[in-house]
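**Q** First the structure, which I've put down as structure tokens, then a few questions once you've had a look.
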Amino acid sequence: MSTKALQGVFRVVVENVLNRWTALRLAVEHGMGGPLGLNTAIELIEYITSYCTENKHVDAIDLREVLEEIMDQEFETICEDDSTQEVSAVLIKHLKMLKEGKEEEVRAEIDLMVPCEMWIKSGSKIKYQQMDDSSDSDEDTNEQEDMEVEPASADDVCTEVNPSTCGSSTKFIEEPIDPGWTQVRGRRRR
């Protein structure tokens with residue numbers, strides 16, 4: 001398969017995988033890439049396609065590092081959910097299959113992917129939600145006044161928390177944490 005043909009087929013794979021990447025979509029929707037975040041995502045498809053097809057020895061670790069750097073530099077986003085590792089592994093798997101001449105298998109796997117909106121395209125309508133860094137001191141005061149904190153009773157010293165996974169035999173125990181400071185009261189003068 002020629003490099004041009006490989007790029008054409010692999011671009012479809014990259015498009016499909018990146019359109020399903022939640023971290024990228026949230027970064028664009030929340031304006032982490034600025035008002036031109038969608039354009040950056042479109043350029044990301046082109047860059048990843050050429051990076052993977054033009055370099056002979058690309059592996060999942062290299063690609064993960066590239067994705068992490070792009071997410072950090074372009075979208076001010078750090079993916080703590082290991083999604084960069086998952087995305088890079090899927091892309092490299094399909095790239096290797098294409099290099100082995102398994103184009104039909106790759107196309108079949110793409111067809112089996114869960115349908116999604118192909119939002120990374122020119123003219124796409126993204127729900128851009130600009131982050132509001134300004135805070136209204138009156139709002140903050142009201143929020144603090146509405147918040148209630150219940151005092152801890154002696155019964156709450158050690159409580160068991162049921163894990164979120166059904167059928168798990170693991171029990172989690174929350175212990176009170178010492179804040180590491182002591183309240184000092186001044187003497188009253190008479």
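The values are calculated or read from the model by the stated rules, or taken from the named source; none is laboratory data. Values in this document were obtained by computation on a predicted structure and should not be read as measured data. SASA here: full protein model, heavy atoms, side chains in, ligands and nucleic acids out. Shrake-Rupley method; radii C 1.70, N 1.55, O 1.52, S 1.80 Å.
**Q** Tell me, what is the 1.4 Å probe accessible area of Met97, in Å² to the nearest 10?
**A** In the full protein context, Met97 sits at about 20 Å².
**Q** Would you kindly calculate the mean projected area, averaged across all directions, of the convex hull enclosing the Cα atoms of region 35-109, in square nanometres?
**A** For the Cα atoms of region 35-109, the hull's average projected area reads 5.5 nm².
**Q** Continuing with the same structure: With 21 Å as the limit, write out which pairs from Lys56/Lys121; Lys4/Lys102; Lys96/Lys121 have Cα-Cα distances beyond it, or answer none.
**A** Violating the 21 Å Cα-Cα cut-off are Lys56/Lys121; Lys96/Lys121.
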